[in-house]
1. Kindly check whether there is at least one residue in region 43-51 that is under 13 Å from the mean Cα position of the chain (by Cα), farther than 15 Å from residue 67 by Cβ and either surrounded by fewer than 11 Cβ atoms within 10 Å (Cβ to Cβ) or without any contact (Cβ under 8 Å) to a residue 40 or more places away in the chain (or both).
2. Can you say whether residue 26 is farther than 19 Å from residue 69 by Cα and either open to solvent by 60 Å² or more (accessible area, probe 1.4 Å) or free of Cβ contacts under 8 Å to residues at least 40 places away in the same chain (or both), as far as the supplied structure shows?
3. What is the one condition in (1) at pLDDT below 95; (2) touching a Phe, Trp or Tyr at 6+ places or on another chain (Cβ under 8 Å) that residue 17 does not satisfy?
Amino acid sequence: MINISFSKPTDLNTVSVFIFNISGEDTNIRFYSNGQNMISEDTSGLMTGEYILQMTVGNKTQSVQILSKN
């Protein structure tokens, strides 16, 4: 599971998060709001390796590399 928390109050209805494999294919892992954070579905299906986490808040998008060690 991935938990994304925000340091400032954020309208979570404006947040979208996706995880792509290194080839750019969507892993179909979805995120949902628990009211304060964005929580992923089960990530145990990700194979060990590098992935790209892409998060959009409003009109700003940022991508970061993450590692899975499943």
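1. For region 43-51, residues under 13 Å from the mean Cα position of the chain (by Cα), farther than 15 Å from residue 67 by Cβ and either surrounded by fewer than 11 Cβ atoms within 10 Å (Cβ to Cβ) or without any contact (Cβ under 8 Å) to a residue 40 or more places away in the chain (or both): absent.
2. no
3. Of everything listed in (1) at pLDDT below 95; (2) touching a Phe, Trp or Tyr at 6+ places or on another chain (Cβ under 8 Å), residue 17 misses just condition (1).
The values are calculated or read from the model by the stated rules, or taken from the named source; none is laboratory data. Since this is a predicted model, take the numbers as computed values, not measurements. Positions of Cβ are backbone-derived with ideal geometry, glycine not excepted, and every protein chain shown enters the neighbour counts. Only protein heavy atoms, including side chains, enter the accessible area calculation; ligands, DNA and RNA are left aside. Shrake-Rupley method; radii C 1.70, N 1.55, O 1.52, S 1.80 Å.
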